1. Yes or no: the stretch 134-147 includes at least one residue that is exposed (fewer than 14 other Cβ atoms within 10 Å of the Cβ), touching a helix residue (DSSP H, G or I) at 6+ places or on another chain (Cβ under 7 Å), closer than 30 Å to residue 103 by Cα and modelled with pLDDT of 85 or more.
2. If you take the residues in the stretch 193-219 that are in a loop (DSSP other than H, G, I, E, B) and over 18 Å from residue 83 (Cβ atoms), which one is modelled with the lowest pLDDT?
3. What's the total number of residues in the stretch 459-475 that are in a loop (DSSP other than H, G, I, E, B), surrounded by 14 or more Cβ atoms within 10 Å (Cβ to Cβ) and under 31 Å from the mean Cα position of the chain (by Cα)?
4. Across the stretch 134-146, what is the number of residues that are touching a strand residue (DSSP E or B) at 6+ places or on another chain (Cβ under 8 Å) and farther than 13 Å from residue 66 by Cβ?
5. Regarding the stretch 49-61, can at least one residue be identified that is at pLDDT below 85, surrounded by 19 or more Cβ atoms within 10 Å (Cβ to Cβ) and either under 39 Å from the mean Cα position of the chain (by Cα) or over 24 Å from residue 144 (Cβ atoms) (or both)?
6. Say we look at the stretch 476-503 and pick out the residues that are in contact with a strand residue (DSSP E or B) (Cβ under 7 Å, 6 or more places away or on another chain) and in contact (Cβ under 8 Å) with a residue 40 or more places away in the chain; which of these is surrounded by the fewest Cβ atoms within 10 Å (Cβ to Cβ)?
7. Within the stretch 244-274, how many residues turn out to be assigned to a helix (DSSP H, G or I), surrounded by fewer than 19 Cβ atoms within 10 Å (Cβ to Cβ) and in contact with a strand residue (DSSP E or B) (Cβ under 7 Å, 6 or more places away or on another chain)?
8. Quick check on the stretch 20-32. Is at least one of its residues assigned to a helix (DSSP H, G or I), touching a strand residue (DSSP E or B) at 6+ places or on another chain (Cβ under 9 Å) and assigned by TED's automatic domain parsing to the domain that holds residue 111?
């Protein structure tokens, strides 16, 4: 056939005559050199395409194949055609109308749009023509399409390095709640080094198979293709079956909220304890997902003790993962014992303790640095602190306390992380006072306040004395600060301004139980020490 045509009239006629004779749809997949790579026969209404994963499907390219097939009924392109076009990244899809005489009638064609507005269809349907009227500039058209796709991706991801992702929220929650949750997922993605190129919110019940509606999922996959995204991140925790279904449907990497948080923790963990806790959380998350059998994991062991049905590689992976979990749990138990011993030494000296708690990125580490003139790592990012950091603090009446910065809380905290970081949260247990730090500038302050209190209740720490600290007041209007201070019975500060910390220190001292029995500070004590 002519290499510059979508299909030659001769091939169109041969397909049409064969389709009429068989009363089935018949199709061919043609590469850009005009070579037929696959021949497909379906039934009267549908055409099941073979696995095309071996063909070129680069992040910035179409598949390099066009689908030309017959329709036995006088109709244009149908939903199956558009689905194949989008999900398989076909250069073009064309349907040849089979007439009663067996000759080809009109040819219907469509290709992907390099850009489109939400609510619009992501493909362009070309005018129907006869097989003799098909244009012969097909290679030029495909080349122009790919160049436009590349320009759109460059505009979206300019200056960024990392995995590109579409983030998705599906729920029946009010729009404002969904948008707030998506904003947090976007910030989580940024903290994990993921570049968000598109956002999708669908208000509907979560589909047990595909999470979102199949039509909306198809549109989301098309958007991912247009923006060169390799990942879809869902703002909920997915079941193993949902991950498999979504990956099979989209041919993209599928992540959920828990995986993003675990990845952030894995990147930020610096200490041995932190790394062990993260690995344990990851294994606990992955164990249920090792249950699905896969042909790549069907190899059998050999040798003595491994003959007969044997043990599949998947079963070995599960057993080894479980053994590793048991080992890590013992290690964390030992580290927890050492931490409790250090705490007992501190409490045995009669030095009171204060723990800083709060939502992630509320400014807890910055506040600790400001109070104690320390240099604890403090970033404008979620989960910058993973391990407790303790310092000595001298209060106005020359009394010393131990003040500890703890890991931040977050909505929908994965149970795997809660279990793995149990020893970390135990740092809160001996505290005589909790400083609950709130980001006064956050529009989600009320939800953050409730989330932290809920986690504290779950950890059985809700009965401890709590002093609410409104941080980042330098970003707020004075009237707002005044209202929030009254609402939460809080002390307002800016951790970046040490001059604003005086009232907080006074209030901390007044809230501490048993002030009169505190040991006096000696003249040789410095303002802060690492513990």
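1. Taking every residue of the stretch 134-147 in turn, none turns out to be exposed (fewer than 14 other Cβ atoms within 10 Å of the Cβ), touching a helix residue (DSSP H, G or I) at 6+ places or on another chain (Cβ under 7 Å), closer than 30 Å to residue 103 by Cα and modelled with pLDDT of 85 or more.
2. 193
3. Of the residues in the stretch 459-475, 3 are in a loop (DSSP other than H, G, I, E, B), surrounded by 14 or more Cβ atoms within 10 Å (Cβ to Cβ) and under 31 Å from the mean Cα position of the chain (by Cα).
4. The first filter runs over the stretch 134-146 and keeps only residues touching a strand residue (DSSP E or B) at 6+ places or on another chain (Cβ under 8 Å), leaving 134, 138, 141-142, 145.
Applying the additional criterion that residues be farther than 13 Å from residue 66 by Cβ yields none.
Count: 0.
5. Looking through the stretch 49-61, at least one residue is at pLDDT below 85, surrounded by 19 or more Cβ atoms within 10 Å (Cβ to Cβ) and either under 39 Å from the mean Cα position of the chain (by Cα) or over 24 Å from residue 144 (Cβ atoms) (or both).
6. 488
7. So the count comes out to 1.
8. Checked the stretch 20-32: at least one residue is assigned to a helix (DSSP H, G or I), touching a strand residue (DSSP E or B) at 6+ places or on another chain (Cβ under 9 Å) and assigned by TED's automatic domain parsing to the domain that holds residue 111.
The values are calculated or read from the model by the stated rules, or taken from the named source; none is laboratory data. Computed from a predicted model, the values in this text were never measured in an experiment. Note that each Cβ is placed from the backbone with ideal geometry, even for glycine, and that neighbours are counted across all protein chains shown.
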